[in-house]
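Read through the structure below, which is laid out as structure tokens, and then see the notes.
The values are calculated or read from the model by the stated rules, or taken from the named source; none is laboratory data. Treat the numbers as computed from the prediction; the structure is a model and nothing was measured. Cβ placement follows ideal geometry from the backbone for every residue including glycine, while neighbour counts extend to all protein chains displayed. These accessible areas exclude ligands, DNA and RNA; they are computed on the full protein's heavy atoms, side chains included. Shrake-Rupley method; radii C 1.70, N 1.55, O 1.52, S 1.80 Å.
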Amino acid sequence: MANETALFTLLDDGEQGYNRREVDEFMGRARVAYDSGEGMALSEIRDVSFSMTGGGYDPAEVDGALDRLEDAFAGSERDKYIEAHGEDAWYELLAERAAPLRGRLALPDGKRFREPAHSSSNGYRKEQVDELCRQLEQYLDGENPMSVDEVRTITFTGAHGHNGYDEAQVDAFLDKMTEIMASVG
């Protein structure tokens with residue numbers, strides 16, 4: 001296949017990248033959904049995964065495009081809702097969506113998420129997650145101008161047992177938070 005028709009940079013055959021056919025198919029479906037005004041669930045964009053193959057697409061480029069795609073669909077959803085119901089109603093909806101997240105953010109440090117299931121299981125270092133949670137609480141209060149990309153790209157040091165939070169639970173929380181942040185625009 002000629003490089004001119006590739007959506008993203010193709011890696012050399014000896015380098016592992018995302019399967020080109022899978023990425024092209026997903027991006028095609030996303031374009032149809034966007035162009036038709038039908039939309040696509042933000043979770044579908046966030047949860048998509050592609051197999052790795054030699055000479056595939058550059059994963060960093062594809063991941064960046066997925067983030068921009070999520071932002072575009074969130075913005076489209078916001079604009080449609082505001083057109084139909086007004087801006088005040090949109091912010092009321094966002095506040096409603098943020099309420100469960102605020103509840104978790106209000107919990108004390110060290111208690112916001114469950115610990116890993118087993119003492120030998122890896123989790124995220126509690127102190128780092130708690131610091132981000134304090135920043136997110138300030139963001140929701142309008143006191144911290146964080147970007148959605150800051151949350152998307154955050155990394156935490158690993159920790160075991162009582163020093164860590166369950167990775168899956170933290171990741172699910174951050175997914176919901178990025179959905180709200182992307183919707184704000």
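Computing FRET efficiency as 1/(1 + (r/R0)^6) for Ala84 and Ala6, where r is the C-beta to C-beta distance and R0 is 45 Å, gives about 0.70. For Ala159, the residues 5 or more places off, or on other chains, whose built amide H falls under 5 Å of its own are Gly123, Tyr124, Arg125.
For the chain, the relative contact order is 22 percent, taking Cα pairs closer than 8 Å that sit 6 or more residues apart in sequence and dividing their mean separation by the residue count. Within the chain, the proportion of C-alpha pairs whose separation exceeds 22 Å stands at 57%.
Using a probe of 1.4 angstrom and keeping all protein chains present, the accessible surface of the range 1-91 works out to 59 square angstrom per residue. With the highest mean first, a sort of the peptides 124-131, 167-174 on other beta-carbon atoms found within 10 angstrom per residue produces 124-131, 167-174. Sequence neighbours fewer than 8 away in the same chain don't count; with that in mind, list the lysines whose C-alpha is under 26 Å from Lys80. In chain and number order, the partners are Lys176. Of the peptides 59-66, 133-140, 11-18, the ranking by mean beta-carbon count within 10 Å, highest at the top, reads 133-140, 59-66, 11-18. Residue separation of Glu127 and Val32 scaled by 0.36 nm, minus their Cα-Cα distance, works out to 29.9 nm of gained length.
Computed over protein heavy atoms with a 1.4 Å probe, the carbon and sulfur contribution to the accessible area of the range 38-185 reaches 48%.
3J(HN,Hα) along the range 41-49: 4, 4, 5, 5, 5, 5, 8, 5, 9 Hz, from the Karplus curve 6.51 cos²θ - 1.76 cosθ + 1.60 with θ = phi - 60°, whole Hz, x for Gly and Pro. Phe73 contributes an accessible area of around 10 Å² to the protein surface, as traced by a 1.4 Å probe with all chains present. Given axes a ≥ b ≥ c from the Cα gyration tensor, I'd like to know whether the range 16-101 is rounded (a/c under 1.5), prolate (a/b larger than b/c) or oblate. It comes out prolate by the Cα gyration axes.
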